[in-house]
Amino acid sequence: KLYTETFNSGLEYTLGEKGDWNHYLKYWCAIIYRLREKIGGFEASVSSNIPVGAGLSSSAAISVILIRALNQEFKLQMTDGQIAELAYVVEHDDLGIMCGRMDQNAIAFGGITFIETGEKPAVTNLPVKTLPVVVGDSLEERQAKKVLNSVKVRLNQNDSSVHGAFKKIHSCVLDAKHALINGEYEKLGKLMSVQQEQENIIGAATPKLNRMCQAALVAGAY
C-alpha cells in the first residue's frame, strides 16, 4: 500500500506486479519492482512541503528515502552508493527520464559532497560544517525534459558555445571544491555567478531566475 499526502492519492497492489508507472508514485512502483524478490509486503506514505517540479530534486528525494527505508526494514545491507545508483537506474533506465547521478548521490550521502559522475560515480564528503545558502522559489515549473533534450541536441551537433559552457562549468566545480574546503564563500559566490552565465548559454535559465539572482547580489549575497 502506497500513499502520497501531497497529491492525496494512493496505490494498492500485489508485490511482484508493476503497479502504475504513470502514477505520482511511479518512482516507488519501479523501485519496488526492482526489489520485489528481496522484500516483503509493506505500507508506506510520503508527505513533503518541497515544491514539486521546481528543480529541487523531489523525485530523487522520495526515491532515495524509500530505498533507504526498505534497506533498513528488510536488512538489505545496501551502501549509500548502492542506494543512490538504484535510485538513478530506476529513474533513468526504467522510467526513461533524462537525468544524471548528481541528485541521487547528493541526497543519499548527505552533507556537502564533491561528486565525480560517470559509469562508476565517486562521492567525497567535504569537511564543511555549515554552508549559508538561501533557496528562492521562482514559482515557475521547471521544464527539465525540454531543457535536457535541447542541450543534448546541441551537444550532438557540436555546438561550440554549449561545449564551451560545460568546460567552464567543469572548471567552476573544481575551483568551488577548494573554495568550500577553505571557507572562501565570496569566491564560491562568484563561481556560482559564472555558473549562472553558463546556464543562460545552454538555455537552462529563465528571465525570472536571472532577476532573482541579480536581486540577491544587490541585496548583498555573494
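The values are calculated or read from the model by the stated rules, or taken from the named source; none is laboratory data. What you see is a predicted model; the values in this text were computed from it and never measured. Backbone-built Cβ (ideal geometry, glycine too); neighbour counts: all protein chains shown. For accessibility, only protein heavy atoms count, side chains too; no ligands or nucleic acids. Shrake-Rupley method; radii C 1.70, N 1.55, O 1.52, S 1.80 Å.
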(message) Here is a check on your reading of the model: is Arg68 in contact with an Asp or Glu (Cβ under 8 Å, 6 or more places away or on another chain), farther than 28 Å from Ala204 by Cα and surrounded by 14 or more Cβ atoms within 10 Å (Cβ to Cβ)?
(response) no
(request) Would you confirm whether any residue within region 10-32 is in contact (Cβ under 8 Å) with a residue 40 or more places away in the chain, open to solvent by 80 Å² or more (accessible area, probe 1.4 Å), more than 21 Å from Ala84 (Cα to Cα) and not β-branched (Val, Ile, Thr)? (result) no
(message) Test of understanding: among Ala221, Ala204, which residue is over 27 Å from Lys129 (Cα atoms) and not in a helix (DSSP H, G or I)?
(response) Ala204
(request) Find the residue count for region 149-165, including only residues that are part of a helix (DSSP H, G or I) and surrounded by 15 or more Cβ atoms within 10 Å (Cβ to Cβ). (result) 5
(request) Kindly provide the set of residues from region 83-101 that are of a type in the set (Asp, Glu) and over 19 Å from Phe114 (Cα atoms), ordered by number. (result) Glu91, Asp93, Asp94
(request) Look at region 74-111 and say how many of its residues are open to solvent by less than 40 Å² (accessible area, probe 1.4 Å) and of a type in the set (Lys, Arg). (result) 1
(request) Would you point out which residue out of Leu209, Leu191 is assigned to a helix (DSSP H, G or I) and touching a residue at least 24 places away in the same chain (Cβ under 8 Å)? (result) Leu209
